[in-house]
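Here is the structure we will look at.
The values are calculated or read from the model by the stated rules, or taken from the named source; none is laboratory data. Because the structure is predicted, anything quoted here is derived from the model rather than measured. Cβ: placed from backbone, ideal geometry, glycine included. Neighbour counts: every protein chain shown. Only protein heavy atoms, including side chains, enter the accessible area calculation; ligands, DNA and RNA are left aside. Shrake-Rupley method; radii C 1.70, N 1.55, O 1.52, S 1.80 Å.
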Amino acid sequence: MHLAFRLSALALMALPAAAQEQPATAPPGVVADITALSDEFNDGDLEGWTRFDQAFGWPDKIKALDVGRTVLGSLHLEPHHSAWVRDLNAPFLFREVNGDFDVTARVRVRGAGGAVPGGTWSLGGLMARVPNGLSASRRAPRAENWHFITTGVGHVAGETMIETKSTFNSYSSLKLRPAPSGWIELRLVRVGMAIVALARPEGETEWRVRDRYYRMENNPVMQVGLIAYTTSDAVPPGPENPEVDNREVNRAAPVDMILEADWIRFARPRVQGAGDWYGQVRANPFADPNLPEADLVRMLEGPGTDTPG
């Protein structure tokens, strides 16, 4: 066993027994089992999901949205010209999760006539956002905090990628890595102040870590769900003005991006961290930058891991 993994395991063992014995982590008074938040998208509706635009008074940037009508047993989402970056927002369907979570979705991003979206910056997948209590009527700059993992096309047309992006106080930092087109499983795991982003393309059995995030975030509640955004090549790049851009919908700009979600599944992580801030900064194993990827995945999977399918 690798030394870093042994040390991380020892750190977990050093936590209070109550923090180890139950693999479903939740703050006091919060239901431990969050599997009821899962959705197989078989019932033809979006009951229980919150639309970001409707909840906070933003204009509707969804070009098309249905469950099971376009593709049987799948959510179908097409965005208008939009972006999740810095202070800009785009389509987002979420459920609120209190406490740690392990969320996985099987998704595909494609174009209307092919396996790859047209144009550039056409991506969709999972996002976890910290609520900030703001709405369109009382927007404030530098208030966005979220992490995501998406699939689709990035800066170069025709090249499919996985994008991971973290935004802290509206400053966005992203990474792009080559990925195959087609169906892929994307995953976000929160353990205290650490979030891990993973991906598993169709046909593969092993999870790959695509990014690790760590921040002093004490809010136990996050908005977790599906995002989709795309930029139109017909819209020339120009100075960004969130106060204007977020309040306008460019329905005339041609776009070619479709997000399909076969399912999304919520659970509590198999690994738990300390419940207090000091325990987090002292003993959260996922805050260790030297923890090898294989050991991290092994810790997340734990005994009795479900097989793909």
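Scanning the range 15-29 for any residue that is assigned to a loop (DSSP other than H, G, I, E, B), at pLDDT below 95 and in contact with a Phe, Trp or Tyr (Cβ under 9 Å, 6 or more places away or on another chain) turns up at least one such residue. Residues that are of a type in the set (Phe, Trp, Tyr), at pLDDT 95 or above and farther than 22 Å from Val255 by Cβ occur at least once in the range 131-150. Among the residues that make up the range 285-307, is at least one of them over 17 Å from Asp102 (Cβ atoms), β-branched (Val, Ile, Thr) and modelled with pLDDT of 80 or more? The answer is no; no qualifying residue exists.
Residues checked against (1) open to solvent by less than 60 Å² (accessible area, probe 1.4 Å); (2) acidic (Asp, Glu):
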residue: Arg210; (1), (2): yes, no
residue: Tyr229; (1), (2): yes, no
residue: Asp245; (1), (2): yes, yes
residue: Ala252; (1), (2): no, no
residue: Gly273; (1), (2): yes, no
residue: Trp277; (1), (2): no, no
residue: Ala287; (1), (2): yes, no
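Taking (1) under 27 Å from Arg282 (Cβ atoms); (2) within 17 Å of the chain's Cα centre (by Cα); (3) hydrophobic (A, V, I, L, M, F, W, C) in turn, Trp183 satisfies each apart from (1). A count restricted to the range 32-81 and to residues that are open to solvent by 40 Å² or more (accessible area, probe 1.4 Å), touching a strand residue (DSSP E or B) at 6+ places or on another chain (Cβ under 6 Å) and aromatic (Phe, Trp, Tyr) stands at 0.
Might you let me know whether the range 87-108 holds any residue that is over 18 Å from the mean Cα position of the chain (by Cα) and open to solvent by 10 Å² or more (accessible area, probe 1.4 Å)? The answer is no; no qualifying residue exists. State whether the residues of the range 109-127 include one that is over 26 Å from Lys63 (Cα atoms) and either surrounded by 16 or more Cβ atoms within 10 Å (Cβ to Cβ) or in contact (Cβ under 8 Å) with a residue 40 or more places away in the chain (or both). The answer is no; no qualifying residue exists.
The listed residues are Val97, Val103, Val130, and the only one of them that is in contact with a Phe, Trp or Tyr (Cβ under 9 Å, 6 or more places away or on another chain), in contact (Cβ under 8 Å) with a residue 12 or more places away in the chain and farther than 23 Å from Phe41 by Cα turns out to be Val130.
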